[in-house]
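Presented below is the structure to which this report refers.
The values are calculated or read from the model by the stated rules, or taken from the named source; none is laboratory data. Everything quoted here is computed from the prediction, not taken from an experiment. Cβ: placed from backbone, ideal geometry, glycine included. Neighbour counts: every protein chain shown. For accessibility, only protein heavy atoms count, side chains too; no ligands or nucleic acids. Shrake-Rupley method; radii C 1.70, N 1.55, O 1.52, S 1.80 Å.
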Amino acid sequence: MLSLEDVYALQQLVARFANSFDLKDWVRLERCLAPELHTDYSDLRGTPPERMSSSRFVELRRSALQELQTHHLAGHVEIEGSGSVGTVKASMAIYRRNALGEVLNTHCLYIFGVARTDGAWTINSIVQKVFINHGQTAIHKGIEK
């Protein structure tokens, strides 16, 4: 079992992760991540799962989302784990809008693999399961056409 302090720290980690996108705080986003991570955004992007550095992950998100207004709302957080590893599942609604007012909204479940190293929790795996996508996918530079 994880301690209540660990549960709180992991809830805060998910909040920082989500808020970093909306604030366009790419340094803060990278601090949420392990140096290398597994990603699977195949439901949204149509790309296969892959391993990448945290800096590459952040650069891909920055280049795809910098010009969009976004709002990531997380809820229904489930946390499981023991010791220094765990899994966090968080339902998320992601709202995106470009300068022309076109939108792309995604309702999904994030499954984060997390690990505590040197006393700090970081995300080492991200899987996004899309339930609903609504709007213009063309506004998101990270989605294959």
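Structure data summary
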{"item": "Signed unit charges on C-beta, dipole axis of the chain, positive-most listed residue 21, 132, 143", "result": "143"}
{"item": "Carbon and sulfur %, accessible surface of the chain computed with the full protein complex present, 1.4 Å", "result": "51 percent"}
{"item": "Dimensions (Å) - region 21-80, Cα atoms, principal axes, largest first", "result": "28, 26, 25"}
{"item": "Helix-derived mean residue ellipticity, 222 nm - over the chain, DSSP H n ≥ 4, -39500 (n - 2.57), to 500", "result": "-8500 deg cm²/dmol"}
{"item": "With Cα atoms, 0 to 90° folded angle of helix 4-23 axis to the chain main axis", "result": "20 degrees"}
{"item": "Folded to 0 to 90 degrees: helix 54-65 orientation relative to the chain principal axis, Cα", "result": "30 degrees"}
{"item": "Cβ-derived FRET efficiency at R0 35 Å, residue 130 paired with residue 31, nearest 0.05", "result": "0.85"}
{"item": "Kirkwood hydrodynamic radius over Cα pairs of region 25-137, then Stokes diffusion coefficient at 10 °C and 1.306 mPa s, in µm²/s", "result": "106 µm²/s"}
{"item": "Net charge over other residues, Cβ less than 14 angstrom from the Cβ of residue 20 (K, R count +1; D, E count -1)", "result": "+2"}
